[in-house]
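Worksheet: one structure, shown below.
The values are calculated or read from the model by the stated rules, or taken from the named source; none is laboratory data. Everything quoted here is computed from the prediction, not taken from an experiment. Cβ: placed from backbone, ideal geometry, glycine included. Neighbour counts: every protein chain shown. These area figures cover heavy atoms from the full protein model, side chains too; ligands, DNA and RNA do not enter into them. Shrake-Rupley method; radii C 1.70, N 1.55, O 1.52, S 1.80 Å.
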Amino acid sequence: MNDGASRGKPLASLPDHIAIIGNSVPRRCGIATFTTDTADAMRARFPNTRIDLYAMDEGHDDLDYPPGITTIAQHDPASYHAAARAIEASGARAIWLQHEYGIFGGPAGEMLLGLLHRTDIPMLTTLHTILERPSADERRVLEAVIRRSARLIVMSDKGREILGRVHGVPDRLMEVIPHGVPDRPYVDPDSVKEAFGFAGRKVLLTFGLIAPDKGIDHMIRAMPAIVAEHPDALYVVLGATHPNILRHKGETLRESLHDMVRDLGMMDHVHFINAYVGDDALLDYLQAADIYVTPYNNPAQITSGTLSYAVALGKPVVSTPYVHATEILADDHGALVGFRDSEAMARAINALLTDDTARAALAERAYTRGRTMIWSQMAETAAALLGEVQSARLVRIPAAPRLEYLKPDLAAVIRMTDATGMLQHSIFSVPDRDHGYCLDDNARALILMSQMPDISDGERDALTSVYASFVQHAWNPGRGRFRNFMRFDRSWAEEEGSEDSFGRAIWSIGVTARDASAGKHRDWASTLFDQVAGHSHELGSPRAQAFAMLGAAAMQDAHPGHGLSKQLLDRFGEQLLSLLHVSRRPDWAWFEAVLAYDNARLPETLLRAGKSIGRTDFMECGLDTLEWIVAQQTAPEGHFRAVGTDSFGREYLPPLLFDQQPLEAYATIEACAAAFDVTGNPRWRREAEKAYYWFLGQNDMALPLNSRDDGGCFDGLMPTGVNRNQGAESILALQLASCAILRLSQSGADVAHSSGVAA
């Protein structure tokens with residue numbers, strides 16, 4: 001420990017800003033007390049270090065948290081996401097997590113992962129409960145927390161042993177730091193008893209929220225034998241009923257304990273104090289106790305704050321042999337008795353009450369051990385660990401070998417398609433009819449039909465007709481707009497769809513006019529394009545305009561000199577250049593002040609439009625902005641990181657990690673293909689390949705998005721893993737991406753062959 005001259009000065013390695021996540025008073029639980037005491041101890045020892053506290057809130061008790069505490073709604077995923085954004089924006093240099101089962105939402109607290117994986121800030125974790133036999137969910141969540149942590153704190157050697165044996169955590173990542181305790185002088189219990197009305201009594205004390213696993217009933221059953229030898233004995237049960245038990249069962253547990261006391265004739269020897277007391281009041285009560293008793297029933301309990309406090313104040317302790325008690329009371333620092341053994345409890349307490357000398361010696365040994373656990377020492381040790389954590393590099397994925405491209409596969413597309421069109425959503429891999437169809441997906445499916453290699457003419461013709469028919473039927477000439485959403489009964493849910501669906505329809509029609517293998521489909525598309533494309537002048541959304549431009553560029557390629565297409569390309573391209581001029585900053589080469597979906601489509605549009613109509617300024621802007629967005633989509637480890645939905649709408653801020661969706665990877669592949677088409681630079685093939693490998697597992701979670709053997713694709717990459725549903729958008733994104741990467745690979749080989757260099 002540093003000497004007194006250094007107090008108040010941060011350690012050289014200690015982060016100057018720490019975010020602590022746990023519970024906080026006024027919530028009534030041990031983790032709340034511990035987290036609050038931890039934050040207070042760090043502030044007291046290192047006043048120049050900023051400590052932010054993020055507290056989980058159940059939302060039940062209308063708690064009034066002190067200023068400066070940010071609450072996280074326990075069962076609201078959006079609240080975890082907001083907390084992650086707040087921590088990132090705050091400039092915190094390290095996170096210190098207090099992990100306990102039951103305080104975070106979702107199975108085994110999995111909602112916590114939604115916060116942790118949305119920030120790259122290095123993390124230290126204190127584990128308050130470590131289970132010998134975790135459930136599947138408990139193991140999954142805890143091991144995700146462990147992987148996210150640079151270092152782990154446990155409060156006992158047994159906890160360290162379990163972590164290594166059950167979860168494979170190497171010893172070098174773990175540090176044993178005992179539960180912190182306050183630093184109070186030792187006082188003779190008799191000197192303070194009068195203040196509580198305990199004068200002339202031998203006081204036995206149990207403190208904590210009353211719950212069935214506290215074993216208070218076994219201690220009450222020991223009282224007749226204790227009173228028989230020591231008629232002045234008084235057992236004080238200090239603490240309110242646990243809020244969760246009170247909420248669901250009322251005071252039935254407390255009432256049953258009162259009934260037991262009455263039935264045993266111990267009304268004058270057992271005193272209940274039904275109150276939740278703060279630290280100072282608890283310490284006062286502890287100082288008045290002759291013996292502290294923890295009759296707990298749970299042998300796996302890794303830590304007990306109240307036991308630590310009792311030892312710190314020099315209390316002789318009689319306890320059942322749960323994990324923390326066996327360690328802190330080892331070497332004759334307390335008395336251990338069997339679980340649920342009231343007779344043994346009575347014998348141990350009577351022996352201590354009878355022998356004043358032995359009791360005083362035990363108190364002295366306990367107080368001496370307590371000096372090694374005071375909060376200031378905990379703060380010193382934790383500060384050193386936080387310094388190590390601050391410099392730790394967060395690595396989420398291992399280096400991955402080169403992967404093989406997937407062969408395009410229509411199986412999942414066909415699974416989602418009926419005679420009407422392609423259904424929108426699925427439950428896992430099963431089509432979900434409740435959500436019907438949408439134009440967006442059927443337009444994408446129509447594009448796929450002209451890109452898909454190695455399918456029979458009959459299958460291509462049949463599926464193209466289904467998707468083209470949907471697009472045709474979606475057109476509402478009375479409104480001059482496309483409808484988007486169709487119910488499963490084939491009735492339209494609206495008369496006018498979104499601008500994006502309009503733009504995607506134009507895109508699919510233009511691509512079909514250029515690329516469809518059958519002349520009848522090219523003729524249909526060319527005719528429909530001329531009927532509907534003029535209405536796209538009314539589009540105001542940059543992305544809707546970009547989708548329409550992609551269709552117009554394809555139409556221009558199919559029919560060089562096509563006047564309407566050129567008009568759209570010139571007009572919308574100029575508008576994109578104007579948007580960039582308005583939004584651009586030295587570190588922000590983008591068309592808007594925010595990032596959103598399908599980002600790479602904007603530079604792709606300018607590249608394809610510029611090449612189609614000979615606009616060099618479009619192509620230069622497309623390359624410039626593609627360079628920028630590719631940099632935003634590259635993780636520090638070098639793999640592709642899709643701009644996720646969490647990042648949408650954050651002005652001039654870099655993207656967050658999740659939720660990443662397949663559409664972004666596919667859009668990036670197509671944009672890089674357009675850049676390669678314009679420049680011939682093989683760098684763009686490599687960037688496209690990185691985006692493609694995102695589907696195959698080279699991503700932030702090292703998990704593949706493609707399902708095996710049927711061409712399916714999961715709906716996104718979440719902090720907890722993949723979203724196991726397989727909707728039309730995701731399936732189409734994978735299949736279109738596979739088609740695009742194969743075309744790009746072949747075009748690269750052709751370029752290399754013609755130039756005589758290796759691709």
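Over 14 Å from the mean Cα position of the chain (by Cα) and acidic (Asp, Glu): which single residue out of GLU88, GLU110, GLU100 fits that description? Even if it seems obvious, please write down each step before you answer.
On the way: GLU88 fails: over 14 Å from the mean Cα position of the chain (by Cα); GLU110 fails: over 14 Å from the mean Cα position of the chain (by Cα).
Only one candidate qualifies: GLU100.
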| said: Going residue by residue through region 253-260, is there one that turns out to be touching a residue at least 24 places away in the same chain (Cβ under 8 Å) and either in contact with a Phe, Trp or Tyr (Cβ under 8 Å, 6 or more places away or on another chain) or on the phi > 0 side of the Ramachandran plot (or both)? | reply: yes
| Looking only at region 489-514, and only at residues there that are surrounded by fewer than 24 Cβ atoms within 10 Å (Cβ to Cβ) and basic (Lys, Arg), the one that is farthest from ASP441 (Cα to Cα) | ARG514
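Has region 608-630 got any residue that is in a loop (DSSP other than H, G, I, E, B), farther than 17 Å from PHE676 by Cα, open to solvent by 10 Å² or more (accessible area, probe 1.4 Å) and not acidic (Asp, Glu)? If you could, list the steps in order and put the result at the bottom.
The initial filter retains those residues of region 608-630 that are in a loop (DSSP other than H, G, I, E, B), namely 614-615.
With farther than 17 Å from PHE676 by Cα added as a condition, the list becomes none.
So far as region 608-630 goes, no, none of its residues is in a loop (DSSP other than H, G, I, E, B), farther than 17 Å from PHE676 by Cα, open to solvent by 10 Å² or more (accessible area, probe 1.4 Å) and not acidic (Asp, Glu).
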| remark: Within region 310-323, residues in a helix (DSSP H, G or I) and open to solvent by 10 Å² or more (accessible area, probe 1.4 Å) come out as VAL323
| request: State all residues of region 663-682 that are open to solvent by less than 10 Å² (accessible area, probe 1.4 Å), of a type in the set (Gly, Ala, Ser) and more than 27 Å from the chain's Cα centre (by Cα); if no residue qualifies, say none. | output: ALA671, ALA674, ALA675
| request: Scan the strands (runs of 3 or more DSSP E) fully inside region 151-214 and keep the ones with 2 or more residues being out of contact with any His (no Cβ under 7 Å at 6 or more places or on another chain), free of Cβ contacts under 8 Å to residues at least 60 places away in the same chain and more than 14 Å from LYS315 (Cβ to Cβ). | output: 174-176
| said: Checking the structure you have, find out if any residue of region 134-142 is modelled with pLDDT under 95, buried (at least 19 other Cβ atoms within 10 Å of the Cβ) and not in a helix (DSSP H, G or I). | reply: yes
| task | Give me a count of the residues in region 671-705 that are touching a residue at least 24 places away in the same chain (Cβ under 8 Å) and not in a helix (DSSP H, G or I). | result | 9
| request: Could you check THR668 against (1) under 21 Å from ILE731 (Cβ atoms); (2) free of Cβ contacts under 8 Å to residues at least 12 places away in the same chain and say which number it fails? | output: (2)
| Out of LEU282, LEU286, sole residue that is crowded, with 19+ Cβ neighbours inside 10 Å, of a type in the set (A, V, I, L, M), in a helix (DSSP H, G or I) and in contact with a Lys or Arg (Cβ under 9 Å, 6 or more places away or on another chain) | LEU286
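Has region 560-569 got at least one residue that is hydrophobic (A, V, I, L, M, F, W, C), assigned to a helix (DSSP H, G or I), touching a Leu at 6+ places or on another chain (Cβ under 6 Å) and modelled with pLDDT of 95 or more? Give the derivation first.
Of all residues in region 560-569, those hydrophobic (A, V, I, L, M, F, W, C) come to 564, 568-569.
Going one step further and asking which of them are assigned to a helix (DSSP H, G or I), we end up with 564, 568-569.
Cutting the leftovers down to touching a Leu at 6+ places or on another chain (Cβ under 6 Å) gives us none.
Taking every residue of region 560-569 in turn, none turns out to be hydrophobic (A, V, I, L, M, F, W, C), assigned to a helix (DSSP H, G or I), touching a Leu at 6+ places or on another chain (Cβ under 6 Å) and modelled with pLDDT of 95 or more.
Would you check if ALA544 is open to solvent by less than 50 Å² (accessible area, probe 1.4 Å), of a type in the set (A, V, I, L, M, F, W, C) and touching a residue at least 12 places away in the same chain (Cβ under 8 Å)? Show your work before the answer.
Working: open to solvent by less than 50 Å² (accessible area, probe 1.4 Å): yes; of a type in the set (A, V, I, L, M, F, W, C): yes; touching a residue at least 12 places away in the same chain (Cβ under 8 Å): yes.
Yes: the conditions hold for ALA544.
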| Is it the case that region 223-241 has a residue that's more than 45 Å from the chain's Cα centre (by Cα), of a type outside the set (Ser, Thr, Tyr) and part of a strand (DSSP E or B)? | yes
| message | I need the full set of residues from region 188-220 which are open to solvent by 30 Å² or more (accessible area, probe 1.4 Å), closer than 28 Å to ALA32 by Cβ and either in contact with a helix residue (DSSP H, G or I) (Cβ under 9 Å, 6 or more places away or on another chain) or of a type in the set (Lys, Arg) (or both), in order please. | response | VAL192, ALA195, PHE196, PRO212, LYS214, ASP217
